[in-house]
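First up is the structure itself, then whatever we jot down about it.
Since every read-out is calculated from the coordinates, none of them should be taken as a lab result. A quick note: this is a predicted structure, and the numbers were derived from the prediction, not measured. So basically every Cβ, Gly included, is an ideal-geometry build from the backbone, and we count neighbours across all protein chains shown.
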Amino acid sequence: MTYAAYAVTPDRQRAELATLSAPAVLFTLAMIAFPVVYTVWLGFHTFSSTGRQSFSGVGNYSRLVADHEFWHGLWVTLALYVLSLALQLVLGIWLALLLFHAKRLPGIVRSLFISPFMMPPVVAGLMWLVILDPSIGAANYLLTRVGLPPSDWLASPLWVIPTIAMIDTWQWAPYVALIVLGGLQSLPPSVYEAAQIDGASPLTTFRRITLPLLLPTIVTATILRSVDLLRFFDIIYITTQGGPGNASNTLNIYGFRVGFEFFNIGYASALMLTLTAIVFGVVLAFNRLRGAVAW
Amino acid sequence: MSKNALATRVAVTAVALGAITTAASAADFDWKKFQGKTVTFLANNNPVSAALLTYKADFEKLTGITLKVDGYQEQQMRQRLVTVMNAHSDEVDVFMSLPSREGEQFAAAGWYGDLSAMSKSEAAADYDLAGLSRALLKAATFNGKLTSMPMNIEGPILYYRTDILKKCGVEPPKTIKEVEAAAEKIKACDSAITPFVSRGLKPAVAYTFSNMLHNIGGSYMADGKSNLCSPKGKEALDTYSRLLRDYGPPGVVNYSFQQISALYRTGRAAMSFESSNELRTMMEGGERLKDTGLAPFPAGEAGQVPTAIGWGMAVSAFSKQPDAAWYFVQWATSPDIQKRMAVQGIAPPRPAVANDPEYRKWIDEQPVRQQWQAALDVLASRGSSEVGYPIAANPESRDFIGQAVQDLILKQKTLDQACADADKGLDALIAQK
């Protein structure tokens, strides 16, 4: 028998590869596709509070358009998203620059800077709940010590969103910093040497060189935080459950309560699919932006 | 009397009579009948299940059944239950349920197995079904079907600091009006202490508010419509929110039992409406044992109509082995186990257990426990299980009640606006089939 008899043609190789990887591909597709398809199916059905199920077409989506609580939830979700993202990007970039330039900072201090995002959200939520308790919390104690009036923090309809944004920023700004720090470390030194020779000030160097070169990294961090922030749930559920009143009732919290507290799985699915579409839209928009700022 | 009420009465009486006749016939009860089977128990990780599961090994030894415990926090347990039940899965055999909250809903959805039949055909001689609280059995009976067996009895009671009341020259309040008067005096006498605290968190409000509404003489529904805007309903909303706004801690709109217990235990609250179940948490560390007094929920114009609820054990309608599941339920709600749970601070839903010498000895060790038992006796004898609207969408109805109370605490709406908005949403819920 000649060697040619054993030779594998490209077509045969492709067929073998396809056959061998098919189970894994099918399994992965099923794991991703089934829950999505099932949720879409649920979204076209109505479940009464007694569990009775009936096909309702786009009924859940019509209800959603007319539901004041949905629009309020959307507003709360977007307000929290914009505020938290802005804070996290500004503080994250600042922290990254600090860590980048403070070369002599011991490793343990660097680790402490970025440790909050390693904390489980439940622990972080409970910890802040105690700190911000208007009666026995440390936050009001400190405010009154420096002569400022105490705040109701999470119990105030006015302050609850900024307070939750502050908690999330405390936890996730270090994560943004870590991504930006990676970007800073990969910037070409030659550009900085040229800027130095031309006599550029540190501020000009930052504005004209560092920031534009970092934009792809910042957009990546923005995409990652956008996905998390738009479906923000854990800290809110632990601290306020959407309250006081409905002041922190984001779409995700609203959908969870409709589905698992009021047992209307159909309407909850429609709410969650709408939220998923919003997340997809935002991610697609930022992906395009990333392409535009790539260098 | 409505058809449902008649069916309930008939069923409870039948269950009680059945218990008497079955006790004799079940003298030689075979606990090993389902040896080798595995029963899955979906549990809420609360003090009630924690006390029960201390004796898990005893059950397995007695029956030869393996007990698989699937435990979650309350909300996560419901989340899992809804998923399992919607799929008609037999993964869960026994689950914990609050009839006052989800009973109507789960019964209408057909998720509960019928225990009235099981308890008649398979009951040990010493089970004493008739010895269980009739009020709780009634609360767990829907359309003539007994859907769960009571594990404990609980309800909101008044906790107060005897030392602070004495210092401020206030007698322990016996009526709601006296609570407000006492809070006013305490506020003037000691500005460092929170005069009064109760639940302000939206989904949690209904538990304590319902007792106030009933004591004042109000009702949730009249002629098939929401009745929150009736004069008594408005009075209850106004009084409850005023007490919390004027005398409660800052941030009370986020207060549920955890925050209230912590505030009281650390000595920062003078009076509180909170669950009898929280006694152990409130007394943790022993600091409050000597300066705490307990009393039933103070009376209103309609006297005392205490809220009495309890966790129940239900058999899933989709269980493939309901008989083995029932064995676990009857063991867990038997007089012997409930006596053992009682000395761990789980109030027994059996009046006979409350008179047991061993339990009485435990009660008599502390005056606080004696007052606790006295308050529980009032719950057991006069209790109503109506927490929120008696409709299938009960959990959602509690949200509207909580919203109205929060709107008033935060002064976001007038009393008329708050109750009208609540009534509008509640009428839509009531109309749902």
*Residue by residue, what Karplus-based ³J(HN,Hα) values in Hz, rounded to whole numbers, does the range B:79-84 have, using 6.51, -1.76 and 1.60 with θ = phi - 60° and x for Gly and Pro?*
4, 5, 4, 4, 5, 5
*Span-rule helices in chain A, defined as complete DSSP H runs reaching 30 Å or more along the axis (Cα) with Kyte mean at least 0.0*: A:10-43, A:68-101, A:160-185, A:265-293
*Alpha-carbon centroids, the range A:82-138 and the range A:40-74: separation in whole Å*: 39 Å
*Normalised by the residues of chain B, what does the relative contact order come to in percent, with Cα pairs under 8 Å and at least six apart?*
25 percent
*Per residue of B:390-398, what is the mean number of Cβ atoms on other protein chains within 10 angstrom of that residue's Cβ?*
3
*For the range A:168-286, build the charge dipole from Cβ charges (+1 Lys, Arg; -1 Asp, Glu) around the Cα centre, then report which of A:Gly199, A:Leu211, A:Pro244 sits farthest towards its positive end.*
A:Pro244
*For B:Ala87 and B:Lys225, what does the FRET efficiency come to when R0 = 51 Å and r is the distance between their Cβ atoms, rounded to the nearest 0.05?*
0.90
*For B:Ser121 and B:Lys37 in one chain, what is 0.36 nm times their gap in residues minus the Cα-Cα distance, to one decimal in nm?*
28.3 nm
*Which one of B:Gln344, B:His88, A:Val76 has its Cα pushed farthest toward the positive end of the charge dipole of the protein assembly as shown, where Lys and Arg give +1 and Asp and Glu give -1 at the Cβ?*
A:Val76
*Using only atoms on other chains, find how many Cβ atoms lie within 10 Å of each Cβ of peptide A:238-246 and report the average.*
6
*List, in order, the whole-Hz ³J(HN,Hα) value for each residue of the range B:101-107 obtained from phi through the Karplus relation with A = 6.51, B = -1.76, C = 1.60 and θ = phi - 60°; use x for Gly and Pro.*
9, 10, x, 4, 5, 5, 5
*Would you please give the residues with an amide H less than 5 Å from that of B:Ala393, counting only those at least 5 places away or on a separate chain, with H modeled from the backbone geometry?*
none
*Based on the alpha-carbon gyration tensor of the range A:3-43, what equivalent-ellipsoid semi-axes (square roots of 5 times the eigenvalues) come out, in whole Å, largest first?*
38, 7, 4
*With a 10 Å radius around each residue's Cβ, average the other Cβ atoms per peptide and rank B:114-125, A:54-65, highest first.*
B:114-125, A:54-65
*What are the residues whose amide H is under 5 Å from the amide H of B:Tyr112, where those residues sit 5 or more places off or on another chain and H is modelled from the backbone?*
B:Ala317
*asked:* I'd like the isolated cysteines in the protein assembly as shown, meaning no second cysteine's beta-carbon lies under 4.7 angstrom from theirs.
replied: none
*Roughly how many debye, to the nearest 20, is the charge dipole of the range A:68-293 about its Cα centre, given +1 on each Lys and Arg Cβ, -1 on each Asp and Glu Cβ, and no other charges?*
560 debye
*Mind checking the full-extension length gain between A:Val279 and A:Leu78? Use 0.36 nm per residue of separation minus the Cα-Cα distance, one decimal, nm.*
71.3 nm
*asked:* If you average the alpha carbon positions of the range B:379-419 and of the range B:191-260, how far apart do those two centres end up, in angstrom?
replied: 8 Å
_Considering only C-alpha atoms, what is the centroid distance from the range B:312-374 to the range B:282-296, in Å?_
23 Å
*Run the quick spin-label model on A:Leu112 and B:Lys320: label points 7 Å from Cα toward the beta carbon, then report their separation in nm to one decimal.*
5.7 nm
*Which order do the peptides A:273-285, B:404-416 take when ranked by the mean count of other beta-carbon atoms within 10 Å per residue, highest first?*
B:404-416, A:273-285
*Along the charge dipole of the range A:68-293, which of A:Leu273, A:Leu224, A:Gly259 sits closest to the positive end, that is, farthest toward it, with unit charges on the beta carbon of Lys, Arg, Asp and Glu (+1, +1, -1, -1)?*
A:Leu224
